[in-house]
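Data first, discussion second: the structure below is written as C-alpha cells.
Values quoted throughout were computed directly from the atomic coordinates according to the rules given, and no laboratory measurement underlies them. Source: prediction; values computed, not measured. Glycine gets a Cβ as well: all are built from the backbone with ideal geometry, and neighbour counts include every protein chain shown.
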Amino acid sequence: MKRIRKQCIEWLFEHSQNVYTKLFKHHKAWGISREQLLSFPTHTFGRHLGEFLDENGFELIPKVERHDAYHTLTGYGTKVEDEIALQCLCYGNGKRSLYLYGAVFLGIAILPDYYNYYYKSYAIGKQANPFHHYDYKQILNVNINDLRHAIFTKEHLNVLTLNS
C-alpha cells in the first residue's frame, strides 16, 4: 500500500512540475550542463552539484535548478520521502511557494508514515541560517564545506550525514 502511495506522489511531482514551471517561473534558466558542472574544481559547490546530477542520471531542469542545489547542499536523496522532507526543511528555512505548500501538504497527507522525518527536517531548516534565497548560480565556485558550515550547525551536518 505504501508503494502505491509513493507512486501517486511521484506521478503528481512529474505532472505538476511542467505546469508550475510554465505558470510561475519567469526567470532565465542557468544554461549550464552537468558536464560543465563536473569541470568545476573538486571542492566547489558546482562540482558537487554536477556529481549529484551524474549519480542520479539527471540534468538540471531549466528554471528550477535551485531544487537540485538544495539536494546538493543538504544531502537529501531523491526518494519520495526525501523529496518531501527536503520541502519541509525548506519550509522551516522560510521558503514559500505554491509548489512547496502542495508538496508538504500532500506529502504529509499521503505518506504520514514519515512524519517524524518530515518534522526533524522542518526543525533543521528552522534552526539553520537562511539559504532558500541564495542565487546558487553565483556561488558555484564556493567551497561546499564552507557553504554548509555557514548554514548548518555541526550537529545538523551530522544529522544530514554530510561529509564536512
(Q) I need the per residue convex hull volume for the stretch 78-131, using only the alpha carbons, in cubic angstrom as a whole number. (A) 63
(Q) How charged is the neighbourhood of HIS71? Take every other residue with its Cβ under 15 Å from the Cβ of HIS71, and add Lys/Arg as +1 and Asp/Glu as -1. (A) -3
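Near GLU83, within a Cβ-to-Cβ distance under 12 Å, what is the net charge of the other residues, with Lys and Arg +1 and Asp and Glu -1?
-3
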(Q) Given points 7 Å out from each Cα along the Cα-Cβ axis, report the GLN138 to GLU51 separation in nanometres with one decimal. (A) 2.6
**Q.** FRET efficiency for TYR117 and PHE58, using Cβ-Cβ distance with R0 set to 25 Å, rounded to 0.05
**A.** 0.65
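Given the -39500 (n - 2.57) contribution per DSSP H run of 4+ residues, what per-residue ellipticity at 222 nm results for the chain, rounded to the nearest 500 deg cm²/dmol?
-19000 deg cm²/dmol
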Q.
Please report the projected area of the stretch 61-101's Cα convex hull averaged over all directions, in nm².
A. 2.9
(Q) Along its three principal axes, how long is the stretch 89-164 when you only count alpha carbons? Whole Å, largest extent first please. (A) 38, 26, 16
Q: Over the alpha-carbon set of the chain, work out the extent along each principal axis and list the three values in angstrom, largest first.
A: 44, 37, 26
Q. Using modelled amide H (1.01 Å from N, peptide plane; none on Pro or chain starts), what sits under 5 Å from the amide H of THR44, excluding residues fewer than 5 places away?
A. ILE144
**Q.** Estimated FRET transfer efficiency (HIS43, ALA150; beta-carbon r; R0 22 Å; 0.05)
**A.** 0.90
Q: Report relative contact order for the stretch 48-164 in percent, whole number only (criteria: Cα-Cα under 8 Å, sequence separation at least 6).
A: 27
